[in-house]
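**Student:** Once you've had a glance at the structure underneath, I'll fire off some questions.
The values are calculated or read from the model by the stated rules, or taken from the named source; none is laboratory data. This structure is a prediction, so every number in the text was calculated from the model and none was measured. Don't worry about glycine lacking a Cβ; one is built from the backbone with ideal geometry, like all the others, and counts go over all protein chains shown. Keep in mind that these areas ignore ligands, DNA and RNA; they rest on the heavy atoms of the full protein, side chains included. Shrake-Rupley method; radii C 1.70, N 1.55, O 1.52, S 1.80 Å.
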Amino acid sequence: MNHIRAIIFDLDGVICSTDHYHALAWKVLADRLGIPFDEQVGSKLRGISRMESLEIILGDRRGDFSESEKLAMAEEKNRIYQTYLSAMTPGDLSQEVRMTIHTLRQRGYLLAIGSSSKNTRQLLNQLGLGDFFDAVVDGTQITHGKPNPQVFQLAASKLGVAPEQAVVIEDSKTGVQAAYAGGFSAIGIRSENNDPDSDISIRKLSNLLDIL
Ligand code: B16
Ligand code: MG
C-alpha cells in the first residue's frame, strides 16, 4: 500500500464501540413496538442512516405508520442513543485505538473521519478527539448515504487527495461497498458476527500498523 497517503476512518464500530449503543437504542424501540430485534438485525444497520435503519427494523410493518410517526420513532431512538453518548468520556477511547491513530499520524498519513452519523461531532468531542482529525465528514454533510461514496469523496477532497491515494477503514458491508464505488481501497474490521466483505480485513485496528 505504498501509494496510500490518507486514511479515512468510519466512526461507529471502528474508532469506538458505539455500534453497540446504536443497536441497544434500536432494541428499546423495537421491544416497545413488539418487533423482534436480535444481534443479526443490529448488524444489518451498520453504516445505514437513521431513517433507513428504521425502515429495516419496521420490515413488513413499515406501511402501518405515517411519516410523522416514523420521524417521532427515529427521534425516540436518537434520544435513547444520546443518553449513552452523553456518558462517554475520553476513557471510552481504547488505548489500542489511541496508540494506532497517533502512530499512523507519526508515520505521516493524513487522517479523516467518514461517518453516516449525525452525532459524529458530539461523539468526537466526548472522546477528546474534537481537533484530532485533518477532516471530518458526517451524516449532516451528505445527501446520499453509504453505499453511495459521497461521504468518502467529500473527505478525500477536504484532504486534497485522490480516491486511489486513500484507504477507507470500515466495519460495515455498506461502507465497504461505498469505498469501492468511489475508487478507494478498503480494509474491513471483521468480528465473529460481522463480516464487512472487504478484500483486506483485520481483527482489530492496531493490525493496520502491520499494513500501513
Ligand atoms: P445517527 P458509522 C452509522 O455510523 C452507524 O453505523 C449506524 O448504525 C447509524 O444508524 C448511522 O451512523 C446514523 O447515525 O443516528 O447518529 O445519525 O458507522 O457510519 O460511523
Ligand atoms: Mg460503522
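**Student:** Going through region 151-162 one residue at a time, which ones are open to solvent by 10 Å² or more (accessible area, probe 1.4 Å) and either at pLDDT below 95 or part of a helix (DSSP H, G or I) (or both)?
**Tutor:** The first filter runs over region 151-162 and keeps only residues open to solvent by 10 Å² or more (accessible area, probe 1.4 Å), leaving 153-154, 157-162.
The answer is Gln153, Leu154, Ser157, Lys158, Leu159.
**Student:** For the structure I just gave you, tell me whether Ser66 is within 16 Å of ligand 2 (Cβ to nearest atom) and out of contact with any Ser or Thr (no Cβ under 9 Å at 6 or more places or on another chain). Don't jump to the end; show me each part of the working.
**Tutor:** On the way: within 16 Å of ligand 2 (Cβ to nearest atom): no; out of contact with any Ser or Thr (no Cβ under 9 Å at 6 or more places or on another chain): yes.
When the stated conditions are applied, Ser66 does not pass them.
**Student:** Filter region 119-131 for residues that are out of contact with any helix residue (DSSP H, G or I) (no Cβ under 7 Å at 6 or more places or on another chain) and within 25 Å of Ala179 (Cβ to Cβ) and give the result.
**Tutor:** Taking region 119-131 and keeping what is out of contact with any helix residue (DSSP H, G or I) (no Cβ under 7 Å at 6 or more places or on another chain), we get 120-121, 124-125, 129, 131.
Residues satisfying the conditions are Thr120, Arg121, Leu124, Leu129.
**Student:** Considering Gly114, Gly160, which residue is within 17 Å of Ala6 (Cβ to Cβ) and within 16 Å of ligand 2 (Cβ to nearest atom)?
**Tutor:** On the way: Gly160 fails: within 16 Å of ligand 2 (Cβ to nearest atom).
Only one candidate qualifies: Gly114.
**Student:** Kindly establish whether Ser43 is within 16 Å of ligand 2 (Cβ to nearest atom) and within 15 Å of Leu11 (Cβ to Cβ). Give the steps one after another, and end with the answer.
**Tutor:** Details: within 16 Å of ligand 2 (Cβ to nearest atom): yes; within 15 Å of Leu11 (Cβ to Cβ): no.
Taking the combined requirement at face value, the residue does not satisfy it.
**Student:** Report, ordered by the first and then the second residue, all pairs with beta carbons closer than 6 Å, sequence separation of six or more or different chains, a first member in region 6-33 that is more than 9 Å from ligand 2 (Cβ to nearest atom), and a second member that is open to solvent by 10 Å² or more (accessible area, probe 1.4 Å) and part of a loop (DSSP other than H, G, I, E, B).
**Tutor:** Once the first residue is more than 9 Å from ligand 2 (Cβ to nearest atom) and sits in region 6-33, its partners that are open to solvent by 10 Å² or more (accessible area, probe 1.4 Å) and part of a loop (DSSP other than H, G, I, E, B) give Ala6/Val161; Ile7/Tyr109; Lys27/Phe37; Ala30/Phe37.
**Student:** Taking region 169-189 as the search range and keeping residues that are closer than 16 Å to Gly42 by Cβ and either part of a helix (DSSP H, G or I) or among the basic types (Lys, Arg) (or both), which one is nearest to ligand 2 (Cβ to nearest atom)?
**Tutor:** As a first pass, look at region 169-189 and keep what is closer than 16 Å to Gly42 by Cβ: 171-175, 189.
Remaining after also requiring either part of a helix (DSSP H, G or I) or among the basic types (Lys, Arg) (or both): 173-175.
On the way: Lys173: 10, Thr174: 9, Gly175: 6 Å.
Across region 169-189, the extreme among qualifying residues is Gly175.
**Student:** Tell me which of these Lys146 doesn't satisfy, since it passes every other one: (1) surrounded by 18 or more Cβ atoms within 10 Å (Cβ to Cβ); (2) out of contact with any Gly (no Cβ under 6 Å at 6 or more places or on another chain).
**Tutor:** (2)
**Student:** Residues in region 43-55 that are modelled with pLDDT under 95 and open to solvent by 60 Å² or more (accessible area, probe 1.4 Å): how many?
**Tutor:** 1
**Student:** Hey, can you tell me all the residues within region 24-42 that are open to solvent by less than 30 Å² (accessible area, probe 1.4 Å) and under 21 Å from Leu85 (Cβ atoms)?
**Tutor:** Ala25, Trp26, Leu29, Ala30, Phe37, Gly42
**Student:** Here is a follow-up. Over 23 Å from Asp171 (Cβ atoms) and either outside the structural domain of Lys146 (by TED's automatic domain parsing) or away from ligand 2 (no atom under 16 Å from the Cβ) (or both): does that describe Arg61?
**Tutor:** Values: over 23 Å from Asp171 (Cβ atoms): yes; either outside the structural domain of Lys146 (by TED's automatic domain parsing) or away from ligand 2 (no atom under 16 Å from the Cβ) (or both): yes.
Criteria met by Arg61.
**Student:** Report, by residue number, each residue of region 163-186 that is open to solvent by 20 Å² or more (accessible area, probe 1.4 Å) and in contact with a Gly (Cβ under 8 Å, 6 or more places away or on another chain).
**Tutor:** Kept after step one, since they are open to solvent by 20 Å² or more (accessible area, probe 1.4 Å), are these residues of region 163-186: 163-165, 173, 177, 180-181, 183, 185.
Residues satisfying the conditions are Pro163, Glu164, Lys173.
**Student:** Of Asp195, Asp131, which residue is among the acidic types (Asp, Glu) and either open to solvent by less than 30 Å² (accessible area, probe 1.4 Å) or at pLDDT below 95 (or both)? Let's see the steps before the verdict.
**Tutor:** Details: Asp131 fails: either open to solvent by less than 30 Å² (accessible area, probe 1.4 Å) or at pLDDT below 95 (or both).
Unique residue meeting the criteria: Asp195.
**Student:** Still on this structure, I have one more. Hey, can you tell me all the residues within region 74-111 that are within 12 Å of ligand 1 (Cβ to nearest atom), hydrophobic (A, V, I, L, M, F, W, C) and open to solvent by less than 30 Å² (accessible area, probe 1.4 Å)? Before the answer, list the steps.
**Tutor:** Here is the first cut: in region 74-111, the residues within 12 Å of ligand 1 (Cβ to nearest atom) are 74-82, 84-85.
Now restrict to residues that are hydrophobic (A, V, I, L, M, F, W, C): 74, 80, 85.
The answer is Ala74, Leu85.
**Student:** In this structure, does Gln82 turn out to be more than 26 Å from Phe133 (Cβ to Cβ), in contact (Cβ under 8 Å) with a residue 24 or more places away in the chain and of a type in the set (S, T, N, Q)?
**Tutor:** On the way: more than 26 Å from Phe133 (Cβ to Cβ): no; in contact (Cβ under 8 Å) with a residue 24 or more places away in the chain: yes; of a type in the set (S, T, N, Q): yes.
So Gln82 does not fit the description; no.
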